[in-house]
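S.K.: Take a look at this one; I'll ask things after.
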C-alpha cells in the first residue's frame, strides 16, 4: 500500500511555477492582469489630465486675445445716431458733428466704416452711427 501512495504521488506532481522563478512568478501571474489594468487606468488618467490642461491653456489664450482686442467705446460707437437730412454729405456731417481739431478725412472714413457704406451717397431719413474718433 505504501508503494501505491508513492506511485500516485509521482504520477500527479504538485503544480510548479516556471523554472527559476519560484513563488514570485506565481504571484505575478495572479497580479499581472490587475497590474496591467492599473497601468492602463493611470495612463488614461494622465492623458485626461493633459487634455484638460490643454483645454485650459486654449481658454486662457482665447480670453486674453478677447480682452486685448476689446475697445472701450463699444466698437467705436459713442452713442450718437444722426438722421440724414436733404443735402447732407459725409463731409458736412463730419464738420458739424466733430471737433474742429480732427482730420476730416479720417472722420469721413470712420463714419463710412462704422456704417458699412461703400460710397458717400446718403439718403434723407437714413440713420448714421457716428463713431468715436480720436486725434
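What follows draws every value from the coordinates through simple rules; no lab data is involved. In this text, all values refer to a predicted model and were calculated from it rather than measured experimentally. Note that each Cβ is placed from the backbone with ideal geometry, even for glycine, and that neighbours are counted across all protein chains shown.
S.K.: I'd like to compare 43-54, 83-94, 112-123: which one has the highest average count of other Cβ atoms within 10 Å, and what's the full order after that?
M.R.: On the way: 43-54: 10.0, 83-94: 14.4, 112-123: 11.9.
In descending order of packing, they fall as 83-94, 112-123, 43-54.
S.K.: Further question on the same structure: Calculate, in nm to one decimal, what residue 55 and residue 115 gain on full extension: separation in residues at 0.36 nm each, minus their alpha carbon distance.
M.R.: Values: separation 60, 0.36 × 60 = 21.60 nm, distance 3.72 nm.
In short, 17.9 nm is gained.
S.K.: If you don't mind, another one. Could you give the nm distance between label points at residue 47 and residue 103, where each point is 7 Å from its Cα heading toward the beta carbon?
M.R.: Label-label distance for residue 47 and residue 103, simple model: 5.7 nm.
S.K.: Please report, in Å, the Rg and the Dmax of segment 77-131, where both are computed over Cα atoms only.
M.R.: Expressed in Å, the Cα Rg and Dmax of segment 77-131 come to 10.2, 28.
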